[in-house]
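Take a look at the structure set out below.
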Amino acid sequence: MGTSTDGILLWGIALEDEGLPESLLDLDEEGDEEVAIARLYGLEYDGKDDKYWEAKEKLLKEIGCELVNRCSYDCPMYVAAVSASVKRCWRGEPTAIKNLNVGEDWEPKLRAFCKKLGIKWTRPKWLLCSFWGLDLPVHRPDALLKDEEFGELAIYYLPAVG
């Protein structure tokens, strides 16, 4: 028995150095790149507004790009990618890839995203990478449940409904 990793196929630019782009380093103390990106785009969380998470998801969807961790939580390395291109194979589960066509709006979206984050532009390409570790949206309340057996907070994967 061994350990499997998540396979990730995406269209984007692998960042040359480890970690988040410098533009995001001071924006989030907890290491949540989505929160840092939302702050860079002007969305702030004051700890009181429950609608923040919905607004952040809407903002990230509008941006159409994301930073994908391509290594592990212990050694994060990122790819700036077009969200529509990201295909994941969770823990070795086979995933069909229907096509590898690049959308007409992908390059302009990725250029704007890289410019906003201060990422050096290079020619994007299809990249196959992996991720080892628990990659869950732990900042989302619906991904956290109290484990009755152990009496402590446990993290479970809850697929989106809707």
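The values are calculated or read from the model by the stated rules, or taken from the named source; none is laboratory data. All of these numbers come straight from a predicted model, not from anything done at the bench. Every residue, glycine as well, gets a Cβ built from its backbone with ideal geometry; the counts of neighbours run over all protein chains shown.
Applying the condition of being part of a loop (DSSP other than H, G, I, E, B), hydrophobic (A, V, I, L, M, F, W, C) and under 19 Å from ASP6 (Cα atoms) to the range 114-157 and asking which residue is modelled with the highest pLDDT yields LEU134.
Of the residues making up the range 14-34, those that are modelled with pLDDT of 70 or more, out of contact with any helix residue (DSSP H, G or I) (no Cβ under 7 Å at 6 or more places or on another chain) and not charged (D, E, K, R) number 3. Evaluation of TYR52 against the conditions (1) modelled with pLDDT of 75 or more; (2) closer than 20 Å to ALA81 by Cβ shows that the sole unmet condition is (2).
Condition test on LEU59, is it over 19 Å from THR122 (Cβ atoms), modelled with pLDDT of 85 or more and hydrophobic (A, V, I, L, M, F, W, C)? So LEU59 fits the description; yes. For the range 92-113, a tally of residues being assigned to a loop (DSSP other than H, G, I, E, B) and either at pLDDT 90 or above or small (Gly, Ala, Ser) (or both) returns 7. Among the residues of the range 34-74, those identified as part of a helix (DSSP H, G or I), in contact (Cβ under 8 Å) with a residue 60 or more places away in the chain and not charged (D, E, K, R) are VAL35, ILE37, LEU40, TRP53.
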